[in-house]
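Some notes on the structure that comes next.
The values are calculated or read from the model by the stated rules, or taken from the named source; none is laboratory data. The shown structure was predicted, so the numbers you read here are calculated from the model rather than taken from an experiment. As a convention, Cβ positions derive from the backbone with ideal geometry for all residues, glycine included, and neighbour counts pool all protein chains shown.
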């Protein structure tokens with residue numbers, strides 16, 4: 001079994017995965033009202049506009065909430081720390097925490113994006129800033 005299942009980009013999120021491939025965390029921005037959104041979608045939920053652009057995120061935020069995930073068929077594999085990260089820009093993204101033991105994870109911990117290559121599939125992951 002591969003370490004991750006590669007994403008299958010579509011018209012709504014292809015920009016996001018293209019950015020990830022270049023180690024950039026891109027967010028979708030409404031071209032009319034300017035609101036940022038993630039996950040990407042075809043229409044702004046605030047003004048119903050179908051026009052959008054992208055904005056590069058700073059890549060910093062804090063852990064909003066988190067859990068430890070252990071797949072029952074992979075008991076020998078290290079558990080994953082799945083987190084909902086609230087970015088400085090105000091949107092939230094589900095990702096994994098890396099470079100930290102689960103015993104040291106706390107809500108509001110400051111994190112930054114890092115791009116991890118899992119056998120050819122690059123994913124945005126988050127790690128503690130300054131030993132948080």
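Results, tabulated for the structure shown:
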item	result
Test result for residue 6, in a loop (DSSP other than H, G, I, E, B), within 13 Å of the chain's Cα centre (by Cα) and touching a residue at least 24 places away in the same chain (Cβ under 8 Å)	no
The stretch 21-47, residues that are over 18 Å from the mean Cα position of the chain (by Cα) and not in a loop (DSSP other than H, G, I, E, B)	30
Condition met for residue 113 (modelled with pLDDT of 95 or more, touching a strand residue (DSSP E or B) at 6+ places or on another chain (Cβ under 8 Å) and loosely packed, with under 12 Cβ neighbours inside 10 Å)	no
Those residues of the stretch 46-67 which are touching a helix residue (DSSP H, G or I) at 6+ places or on another chain (Cβ under 8 Å) and either over 17 Å from residue 111 (Cα atoms) or modelled with pLDDT under 95 (or both), in sequence order	54
Residue under evaluation residue 120, criteria (1) surrounded by 12 or more Cβ atoms within 10 Å (Cβ to Cβ); (2) out of contact with any strand residue (DSSP E or B) (no Cβ under 6 Å at 6 or more places or on another chain), criterion not met	(1)
Residues of the stretch 94-103 satisfying the condition of being surrounded by 12 or more Cβ atoms within 10 Å (Cβ to Cβ) and assigned to a helix (DSSP H, G or I)	102
Selection status of residue 18, within 19 Å of the chain's Cα centre (by Cα) and assigned by TED's automatic domain parsing to the domain that holds residue 124	no
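For (1) surrounded by 15 or more Cβ atoms within 10 Å (Cβ to Cβ); (2) over 14 Å from residue 20 (Cα atoms); (3) assigned by TED's automatic domain parsing to the domain that holds residue 13, each residue gets a yes or a no:
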| residue | (1), (2), (3) |
| --- | --- |
| 63 | yes, yes, no |
| 67 | no, yes, no |
| 70 | no, yes, no |
| 78 | no, yes, no |
| 83 | yes, yes, no |
| 88 | no, yes, no |
| 109 | yes, yes, no |
| 124 | yes, no, no |
| 128 | yes, yes, no |
